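Step one of this worksheet: look at the structure below.
FYI, it's all coordinate maths here, none of it is from the lab. Since this is a predicted model, take the numbers as computed values, not measurements. Positions of Cβ are generated from backbone atoms using ideal geometry, with glycine treated the same way; all protein chains shown enter the neighbour counts.
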Amino acid sequence: MGCEERLSGENDSSIVSERKDLVMQIALRRFAKDGYHATKISDIVAEAGVAQGTFYWYFKSKEAVALEIVMEGRRQLLDVIAQGYRRDIGTVQDMVQASEALLTKLFQFAESNASLMELLLGGGGVVEPVRQAIAETRAAMENAFLQNIKRAIELGMLPEEINAEIRAALVMSLIEGIISRWLFHIVPSESITSKSAGQLAYETARFEFFGLLGI
């Protein structure tokens, strides 16, 4: 069954949603691989097996689909980070294990959504509105880490005198750097690229936590 036949039935909401998701997935993959400007709408619809008019039924422009991709990626990433929000006090070991669990989920998400992470971390030469949305997504991620750190301070698990904003920025930079090296080989290193998400989370959580304490 061809894509056009499989995705026929404009009035079926589930098929319409499936078709839109397919267009977004292909657009994302091409943005990450070929770059935003090199990707044409005609390339996207040809791979999706839909008419160009179908694309415009869902999106006003290439910029619009890119913005929706970034916004949906932001929602998913913040959902992952929110799972690490502390509600109860714990021991040092509990805090390290909780951080490791969160980072494992985050790295697993990055591995399963490599094209999204490449777009967010590399930009793909996008236009200004999309670049701004990417910057806002990374800022939102950093703020989510900031809220986790502030909560740990409130619970007495981290010293009150630490600068939470600087620590959140350091954590964000650390995670971005690891993902870039791990998935995209920005700096070739077999000691990083050969690691699993869990192994990276183990190392990162211990560096993150003891770095927060200044140890």
R0 of 35 Å, Cβ-Cβ distance SER13-LEU174: FRET efficiency to nearest 0.05: 0.25
On Cα atoms only, tilt of 92-112 relative to the major axis of the chain in degrees: 20 degrees
Number of Lys pairs (Cα under 18 Å; 8 or more positions apart or on different chains) in the chain: 7
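Taking the Cα centre of the chain as origin, work out the dipole magnitude from +1 charges on Lys and Arg Cβ and -1 charges on Asp and Glu Cβ, in debye rounded to 20.
Charge dipole, the chain, about its Cα centre: 160 debye, nearest 20.
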For the chain, with +1 on Lys and Arg beta carbons and -1 on Asp and Glu, the positive-most of ILE89, ILE186, MET24 along the dipole: ILE186
Which of LEU200, GLN132, PHE109, positive extreme of dipole for the chain (C-beta unit charges): GLN132
Long-range HN-HN contacts of SER196 with modeled amide H, under 5 Å: none
CD proxy at 222 nm, helix term only [per DSSP H run n ≥ 4: -39500 (n - 2.57); per residue of the chain; nearest 500]: -24000 deg cm²/dmol
Highest average packing first - 20-32, 187-199, 130-142, Cβ atoms within 10 Å: 20-32, 130-142, 187-199
Contour excess over end-to-end distance, with Cα ends at ALA38 and ASP88 and 0.36 nm allotted per residue: 13.1 nm
Contact order normalised by residue count of the chain, Cα under 8 Å, 6+ apart, percent: 23 percent
Label point 7 Å beyond Cα of ALA114 along Cβ direction - residues of region 189-210 with amide nitrogen under 14 Å: 193-197
